[in-house]
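Okay, so here's the structure we're looking at.
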Number of protein chains: 2
Amino acid sequence: MTLEQIHEDELVRRLTANLTAGSEVVLGPGDDCAAVECGSRKWLRLLKTDCLIEGVHFSPDTDPMRIGWKAMARTVSDIAACGGKPGHALVTLAASAEQRLAKIEGIYAGLKRAAAEFGVTIVGGETARAPQGVFISVATDGRVRRSRLATRSGGLPGDVLFVTGKLGGSIHGKHLDFYPRLLEAAWLTRRYDIHAMMDLSDGLGTDLPRMADASGVGFALTVDALPVTDGATVGNAISDGEDYELLFAVDPAAAEDLETRWRRKFPYVPLSRIGNLTDAASGRTPLASGFSYFLDCKTGTISS
Amino acid sequence: MTLEQIHEDELVRRLTANLTAGSEVVLGPGDDCAAVECGSRKWLRLLKTDCLIEGVHFSPDTDPMRIGWKAMARTVSDIAACGGKPGHALVTLAASAEQRLAKIEGIYAGLKRAAAEFGVTIVGGETARAPQGVFISVATDGRVRRSRLATRSGGLPGDVLFVTGKLGGSIHGKHLDFYPRLLEAAWLTRRYDIHAMMDLSDGLGTDLPRMADASGVGFALTVDALPVTDGATVGNAISDGEDYELLFAVDPAAAEDLETRWRRKFPYVPLSRIGNLTDAASGRTPLASGFSYFLDCKTGTISS
């Protein structure tokens, strides 16, 4: 059996099965970040790593600055989705011998620019030779107040689902230049009891079922309510991925107040109510083929 | 200019120039680990990342278990060299679609075995598709008592240089199966004022000049005293790399007591006194071509 015959989620489940962790691991594999005790009653430490590979996540002629920015911004987006604030980063940069130094320096300049923008301190890392292409991995730590830790697993039936920004069409540029929702996530977790939250990296059609799965609930999605990027389709909004927007679930009693205050606080960032979490019994989604399932539905409410 | 035209140390210097770090970064780029404040008077947090690439650090037919063990043990060795104890690890595993699942599971089994052996908790990571081969990056955190942090930069002229174990010939197997000097380093930093310490990953001929450089001193090496692996040559001991032994510098007044107690505590681990640190003025090594420089010296004392 080869890797192309197994779904990524299933692979991760197999690899991380039987991992033993003590009680000091508050959040283990399967969420946006890991969260561990750090000897403080108030704070938890967040840990996240993320990689970008030439030929997979960017092409050989992508602007190096934007590659670097993206590599750093991706981990920041995950730390944000947990309600945290990033701290330090280690950068692994592997490249083949024929790569131009200017390209590597450009990638590093992008990493530094994003680090400065989001308050991350690059404290080390390494360079290595690769047989081909360029590989960048960024490991970032952060911290979150224990009371504000947002996970994928706390969603409850009846919760209102919100999504920030617009979805779809990221490939036309946003996937390189996105601005992680750090401020927005901090505001949300400070002011509201966010039952579940994650950043949308693989597309709503993949990520929403993951959140519902982690929470042990189902969901109903109002496709008409999806905030679609100008020029993109509903299909793009569901399937494209790399939106790096926040998907979160809150108690219906808080939803209206949250919407009102959001518009005052972040007038230029769309916030859309896109559906609800439901009883698991009312239908857990058989979304192994999530994309196509969603793509067949052009409108209306899906109970899945 | 391409990467093959620049020395790795020079590349790292260029990339990490102008990195801004606050006072909470105790140890930044250039040492075995980064060390940062963690809100404790007693403890510092250590951060380390390290990668293994198929075709560079192992071959396609290397036993997957051993690849995984090595990937984890390398970061443990760096944490040990700083006097610390490893805590959590995030594992990035990128592989091409045609890789066998059994191989990836084997690598992960090796990672888990080493993690269990050295008290590391794997708390997450990611899998990704690569255009070819296998790429593994492990990001590990740890902690060290502030008073016991060992760096590369504290060496003083006159310090005695010690090295653990035997050097050279690692390629015949040790580079995959080595056992990081975690206990030994903890004992050393608990009992002695270790002025400078690092793990030997690129070979004494490269790493000793790095330590001297970081400490702003020179060194004199007694080549006859080098502990050479059975079947290897002095040249191997200086140049091969991947020894994962400890190199450290202590005050001469402490050296004899340290040797005596070491033999009682670790009777099966050789400890060799291989030279001294010297005044920078007595000769900083022009070791851009460190390997060949060393290889020309078959015996005797090198003041470099």
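Each value in this text was obtained by applying a stated rule to the coordinates, not by laboratory testing. Predicted model, so just to flag it, every value in this text is computed and none were measured. Counting neighbours? That spans all protein chains shown, and the Cβs are built from the backbone with ideal geometry, glycine included.
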**OP:** Give the long-range amide H neighbours of B:GLY83: residues separated by 5 or more places, or on another chain, with amide H under 5 Å away, using H modelled in the peptide plane at 1.01 Å from N.
**Re:** B:ALA150
Original post:
Could you give, in nm with one decimal, how far A:ARG129 is from each other copy of that position, shortest first, with labels 7 Å out from Cα toward Cβ?
Top reply: 2.9
Original post:
Tell me, how many Å apart are the Cα centres for the stretch B:37-52 and for the stretch A:21-85?
Top reply: 17 Å
Original post:
Against the longest alpha carbon principal axis of chain A, how many degrees, from 0 to 90 and to the nearest 10, is the axis of helix A:101-118 turned?
Top reply: 40 degrees
**OP:** Net charge near B:ARG41: determine it from the other residues with C-beta under 15 Å of the C-beta of B:ARG41, scoring Lys and Arg +1 and Asp and Glu -1.
**Re:** +4
Original post:
Which residue, B:THR278, B:THR151, B:THR233, has the most motion in a Gaussian network model of chain B that connects Cα atoms within less than 10 Å?
Top reply: B:THR233
Original post:
How far is helix B:182-191 tilted off the main Cα axis of chain B, in degrees rounded to 10, range 0 to 90?
Top reply: 40 degrees
Subject >> the stretch A:20-70: radius of gyration over Cα atoms, expressed as a fraction of 2.2 N^0.38 Å >> reply: 1.68
Subject >> Residue-span extension gain [A:ILE171 to A:ALA220] - 0.36 nm each, minus C-alpha spacing >> reply: 14.9 nm
Subject >> Shape call, the stretch B:160-296: gyration tensor on alpha carbons, a/c limit 1.5 >> reply: oblate
Original post:
For chain A, modelled as a GNM with alpha-carbon contacts under 10 angstrom, which of A:HIS175, A:HIS195, A:HIS57 fluctuates the most?
Top reply: A:HIS57
Original post:
If you put a point 7 Å past Cα along the Cβ direction, how far is that point for B:THR260 from the same point in each other copy, in nm, smallest first?
Top reply: 8.0
**OP:** Note down the Stokes-Einstein diffusion coefficient of the protein assembly as shown in µm²/s, whole number, using a Kirkwood radius over alpha carbon pairs, 20 °C, and 1.002 mPa s.
**Re:** 84 µm²/s
Original post:
Is the shape of the stretch B:116-175 rounded, prolate or oblate, going by the alpha carbon gyration tensor and its root eigenvalues a ≥ b ≥ c, with a/c under 1.5 for rounded and a/b larger than b/c for prolate?
Top reply: oblate
**OP:** Would you kindly compute the Cα radius of gyration of chain B and its largest Cα-Cα separation (Dmax), both in Å?
**Re:** 19.1, 59
Original post:
What residue among B:GLY165, B:GLY30, B:GLY55 shows peak mean-square fluctuation when chain B is described by a Gaussian network model with Cα springs under 10 Å?
Top reply: B:GLY55
**OP:** Using a cut-off of 12 Å between beta-carbons, work out the net charge of the residues near A:THR229 (Lys and Arg +1, Asp and Glu -1, A:THR229 not included).
**Re:** -3
**OP:** Any chance you could give the angle, 0 to 90 degrees and rounded to 10, that helix B:204-215 forms with the longest Cα principal axis of chain B?
**Re:** 70 degrees
Original post:
What does the convex hull of the Cα atoms of the stretch B:24-148 come to per residue, in Å³, rounded to a whole number?
Top reply: 104 Å³
Original post:
Whose amide H sits under 5 Å from the amide H of B:ALA128, counting only residues 5 or more places off or on another chain, with H placed in the peptide plane?
Top reply: B:LEU93, B:ALA94, B:ALA95
**OP:** Name the nearest-to-axis residue of chain B, judged by Cβ distance to the rotation axis taking chain B onto chain A, and quote that distance in whole Å.
**Re:** B:ALA139, 2
**OP:** Between the label point of B:GLU24 and that of the same position in each other copy, find the distances and list them shortest first in nm, with every label point placed 7 Å from Cα along the Cα-to-C-beta direction.
**Re:** 2.0
Original post:
Using a basic spin-label model with each label point 7 Å from the Cα along Cα→Cβ, how many nm lie between B:MET1 and A:ASP251?
Top reply: 6.1 nm
Original post:
Residues with amide H under 5 Å of A:TRP43's amide H, sequence separation 5 or more or different chain, H placed in the peptide plane at 1.01 Å from N; which?
Top reply: A:ARG146
